[in-house]
1. State whether one or more residues within region 212-222 are at pLDDT 95 or above, touching a Pro at 6+ places or on another chain (Cβ under 9 Å) and open to solvent by 10 Å² or more (accessible area, probe 1.4 Å).
2. Looking at region 73-93, is at least one residue surrounded by fewer than 16 Cβ atoms within 10 Å (Cβ to Cβ) and more than 28 Å from GLY317 (Cα to Cα)?
3. For region 249-263, enumerate the residues that are within 21 Å of TYR320 (Cβ to Cβ) and either open to solvent by 10 Å² or more (accessible area, probe 1.4 Å) or of a type in the set (Asp, Glu) (or both).
4. Among the residues of region 135-191, which ones are of a type in the set (D, E, K, R) and without any contact (Cβ under 8 Å) to a residue 60 or more places away in the chain?
5. For residues in region 6-22 being open to solvent by 40 Å² or more (accessible area, probe 1.4 Å) and touching a residue at least 12 places away in the same chain (Cβ under 8 Å), which is farthest from ARG193 (Cα to Cα)?
6. Show me the helices (runs of 4 or more DSSP H) entirely contained within region 70-162 in which 2 or more residues are within 13 Å of the ligand (Cβ to nearest atom).
7. Among the residues that make up region 165-179, is at least one of them closer than 16 Å to ILE290 by Cβ, within 15 Å of the ligand (Cβ to nearest atom) and either open to solvent by less than 10 Å² (accessible area, probe 1.4 Å) or modelled with pLDDT under 95 (or both)?
8. If only one of ALA316, ALA323 is within 16 Å of the ligand (Cβ to nearest atom), open to solvent by less than 30 Å² (accessible area, probe 1.4 Å) and either in contact with a Phe, Trp or Tyr (Cβ under 7 Å, 6 or more places away or on another chain) or modelled with pLDDT under 95 (or both), which one is it?
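The values are calculated or read from the model by the stated rules, or taken from the named source; none is laboratory data. Note that the structure is predicted; figures quoted are calculated from it, not measured. Cβ placement follows ideal geometry from the backbone for every residue including glycine, while neighbour counts extend to all protein chains displayed. Heavy atoms of the whole protein, side chains included, go into the accessibility calculation; ligands, DNA and RNA do not. Shrake-Rupley method; radii C 1.70, N 1.55, O 1.52, S 1.80 Å.
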Amino acid sequence: MTASTGGFPTVFGRGLVGELPAFVQRPYLVVTMADLWPRFESSLAGPHMAGVHLVTTLDLDELEATLGGLPAFGGIVGLGGGQALDVAKFFAWRTRRPLFQVPTATTVNAPFGHRSGLRTGGKVRYLGWAIPQAVYIDFDVIQSAPPALNRSGIGDILCYHTAHADWRLAQDTGNVEKRWPYDEELVAQARLRLDSVLAHLDDIREVNETGIRTLVAGHRWGGTTFHDSGWNPRHIEGVEHFFFYNLERLTGRHFIHGQPVGLGICVGSALHDDGLDAMIAAIKRAGVDIRPEAMGVTWDDAAEAMRTLPAYVREAGLWYSVANARPVTEDTIDLVRERVTSAFGAWNPPAVPA
Ligand SMILES: [Zn+2]
């Protein structure tokens, strides 16, 4: 049996941002994004705010350099999507200040993990340690975010499908890491969250309270289980994230996490020959568009990220997955493109006025 803390303290409600100045250690630093700040400034700015840091980078060296220029502060409020919350975690870790997290959308599980997903030399590194005093899920705040950001949160839970297939494959072929032998109990725990999401795809598409609670419950568990399982990522992440990292590396684009991860789930499912159509149907029903054009890249980019995946995972030293076991053939690339296009339709760019 694997010990579990059950996740960080998480509070659901409304009007939660306006309460923060009453209890966050003073003066507090707000870490958020430039596009969000105007909306929350009137609730947080005032005599008890030390300053606001608007996030522009996840680069470790740049963030280290930023630290010295921050004003003195007693507590930190992270307010935003994955990036703002990851940087808030990083500052909390480096300054040992208490942290309060307010996700503005259900895009990723970042609010619920101990480490920050930062970048060094284009590589993702999960670094640091921060347990927030609380994570506040404000229904009004979440529901006012672009629906695509919220729905995209399925990526960090549906990815268990390909992660589990990778883990089984590694175990069955004798390639599993010594420290991460296949663990039926962990897979079963993850599967519970995956099934819950599959049962609430319509709620998630509608971004209603049930949909928000379903995604948050999955992210809350998924965020802490990495630590709680002894820093084992195998039941929660695999080839689908590797595809995303490679696509990010090749294109230099910033993505809404669930889109490239969702496409990566399709790539992984195709390579495993396991559940490709079911995964596409689930992703589509939740309203997440995984066509490359919908995320600002092309099918050529996506194809290149598939083609170079085996080389990338070796170079990056990622754990054993189907990308190590099976070649990514042009047939596989065509299959993914054909199935995604038949589910979502061909991309019709918005007409540009003459
Ligand atoms: Zn993820």
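1. Of the residues in region 212-222, the ones at pLDDT 95 or above are 212-222.
Subset that is touching a Pro at 6+ places or on another chain (Cβ under 9 Å): 216, 219-220.
Within this subset, residues satisfying the condition of being open to solvent by 10 Å² or more (accessible area, probe 1.4 Å) are 220.
Checked against the condition, which is being at pLDDT 95 or above, touching a Pro at 6+ places or on another chain (Cβ under 9 Å) and open to solvent by 10 Å² or more (accessible area, probe 1.4 Å), region 212-222 yields at least one hit.
2. Start the filter on region 73-93 by keeping residues that are surrounded by fewer than 16 Cβ atoms within 10 Å (Cβ to Cβ), which leaves 74.
Next, from what is left, pick out any that are more than 28 Å from GLY317 (Cα to Cα): 74.
There is at least one residue in region 73-93 that is surrounded by fewer than 16 Cβ atoms within 10 Å (Cβ to Cβ) and more than 28 Å from GLY317 (Cα to Cα).
3. Step one: filter region 249-263 for residues within 21 Å of TYR320 (Cβ to Cβ), giving 249, 261.
Scanning region 249-263 gives a single hit, ARG249.
4. Residues of region 135-191 of a type in the set (D, E, K, R): 138, 140, 151, 156, 166, 168, 172, 177-179, 183-185, 191.
Scanning region 135-191 gives ARG168, ASP172, LYS178, ARG179, GLU184, ARG191.
5. Residues of region 6-22 that are open to solvent by 40 Å² or more (accessible area, probe 1.4 Å), as a first pass: 9, 11-12, 14-15, 18-19, 22.
After this cut, where a residue has to be touching a residue at least 12 places away in the same chain (Cβ under 8 Å) as well, the list is 9, 11-12, 14-15, 18.
On the way: PRO9: 18, VAL11: 19, PHE12: 19, ARG14: 25, GLY15: 28, GLY18: 31 Å.
Among them, the one singled out is GLY18.
6. Details: elements: 82-95, 139-143, 147-151, 155-158.
Answer list for region 70-162: 82-95, 155-158.
7. So in region 165-179, the residues closer than 16 Å to ILE290 by Cβ come out as none.
No, region 165-179 contains no residue that is closer than 16 Å to ILE290 by Cβ, within 15 Å of the ligand (Cβ to nearest atom) and either open to solvent by less than 10 Å² (accessible area, probe 1.4 Å) or modelled with pLDDT under 95 (or both).
8. On the way: ALA323 fails: within 16 Å of the ligand (Cβ to nearest atom).
Step by step, each of ALA316, ALA323 is checked, and only ALA316 is within 16 Å of the ligand (Cβ to nearest atom), open to solvent by less than 30 Å² (accessible area, probe 1.4 Å) and either in contact with a Phe, Trp or Tyr (Cβ under 7 Å, 6 or more places away or on another chain) or modelled with pLDDT under 95 (or both).
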